[in-house]
Amino acid sequence: MCKIVIVQYSMYGHIYKMAEAVAEGVRQVAGCEAVITRVPETLSDEVLGMMGALDAQKSMAHIPVATLEDLAGADALIFGTPTRFGAMCGQMRQFLDSTGGLWMKGALTGKPGSVFASSATQHGGQEATLLSFHTTLLHHGMVVVGLPYGFAGQMDIAEVTGGSPYGATTITGGQGERMPSGNELAGACYQGTHVARIALKLKG
């Protein structure tokens, strides 16, 4: 069995919704399993409450917290993060900064790595987030996988939509009022399938 671990952080639930679609795509590939995890929270309940995110965080408390062992034991890793000023969120950055031991051992070298993201607006830095995230994957020696144009939905101009060749994305709205659209979820699902197929080939 090819194990694909999805490592994500979702403050209000948008990225988790995308992660579920990614996992669905992974499971469409025979011989592959998807495991959704979350990185540790760095904010207190008080701060999360002030941000209006405490209820959402509690609703996602059942998701297992990612460990370094999860990363080392995976055949492929797919990361999901909201955008913060054109880069990954602090929670994800802190978790990745703890992977030095894996880097020393070359534990992630040769594994497929992929990223999906969200931003509040169409031009809120989602592509910058994906591209800057790839730098960390490359330092780990991972094989960077994006969202190929085989997913034609990323070229749709009939509606507001996320998605780029660097990875699936969703646009949340300034108040988090917009959940991922059908097209954005389809892109995330396609990405999960694409990564799973590559992981199978590399493992075989």
Only one of G73, G86, G100, G80 is surrounded by fewer than 12 Cβ atoms within 10 Å (Cβ to Cβ) and more than 21 Å from V47 (Cα to Cα), namely G100
Which one of the conditions (1) surrounded by fewer than 21 Cβ atoms within 10 Å (Cβ to Cβ); (2) assigned to a strand (DSSP E or B) does S132 fail to meet, given that it meets all the rest?
(2)
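Scan segment 1-55 for residues that are of a type in the set (S, T, N, Q) and under 28 Å from K111 (Cβ atoms) and jot them down. It would help to see each step written out before you state the result.
Quick first cut of segment 1-55, residues of a type in the set (S, T, N, Q) only: 8, 10, 28, 37, 42, 44.
Once the filter is applied, which keeps residues that are of a type in the set (S, T, N, Q) and under 28 Å from K111 (Cβ atoms), segment 1-55 yields Q8, S10, Q28, T37, T42.
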Under 8 Å between Cβ atoms, at least 6 apart or on separate chains: pull out the pairs that start in segment 92-116 with a residue that is within 17 Å of A196 (Cβ to Cβ) and end on any residue that is among the aromatic types (F, W, Y) and surrounded by 12 or more Cβ atoms within 10 Å (Cβ to Cβ).
G113/F79; S114/F79; V115/F79; V115/F133; V115/Y166; F116/F79
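Restricting attention to segment 150-168, does a residue exist that is more than 28 Å from M51 (Cβ to Cβ) and polar (S, T, N, Q)? So that I can check it myself, show each step before the final result.
Residues of segment 150-168 more than 28 Å from M51 (Cβ to Cβ): 150-159, 165.
Restricting the remaining residues to those that are polar (S, T, N, Q) gives 154.
Within segment 150-168, one or more residues are more than 28 Å from M51 (Cβ to Cβ) and polar (S, T, N, Q).
Every residue in segment 166-182 that is within 24 Å of P112 (Cβ to Cβ) and in contact with an Asp or Glu (Cβ under 9 Å, 6 or more places away or on another chain), please.
If the condition is that a residue be within 24 Å of P112 (Cβ to Cβ) and in contact with an Asp or Glu (Cβ under 9 Å, 6 or more places away or on another chain), then Y166, G167, A168, T169, T170 are the ones that fit.
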Output the residues belonging to segment 152-172 that are surrounded by fewer than 21 Cβ atoms within 10 Å (Cβ to Cβ) and of a type outside the set (S, T, N, Q).
A152, G153, M155, D156, I157, A158, E159, V160, P165
Conditions (1) touching a Leu at 6+ places or on another chain (Cβ under 8 Å); (2) without any contact (Cβ under 8 Å) to a residue 60 or more places away in the chain; (3) more than 19 Å from E24 (Cα to Cα); (4) not in a strand (DSSP E or B): number failed by Q154
(3)
Of those in segment 108-129 that are outside any helix (DSSP H, G or I) and among the hydrophobic types (A, V, I, L, M, F, W, C), the residue nearest to S98 (Cα to Cα) is L108
Can you name the condition, by its number, that G101 falls short on among (1) more than 19 Å from V39 (Cα to Cα); (2) of a type in the set (G, A, S); (3) in a helix (DSSP H, G or I); (4) touching a helix residue (DSSP H, G or I) at 6+ places or on another chain (Cβ under 8 Å)?
(1)
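Where a number appears in this text, it was derived from the coordinates with a stated rule and is not lab data. Nothing here was measured: the structure is a model prediction, and the numbers come from that model. Using ideal geometry, Cβ is built from the backbone for each residue, glycine included, and neighbour counts are taken over all protein chains shown.
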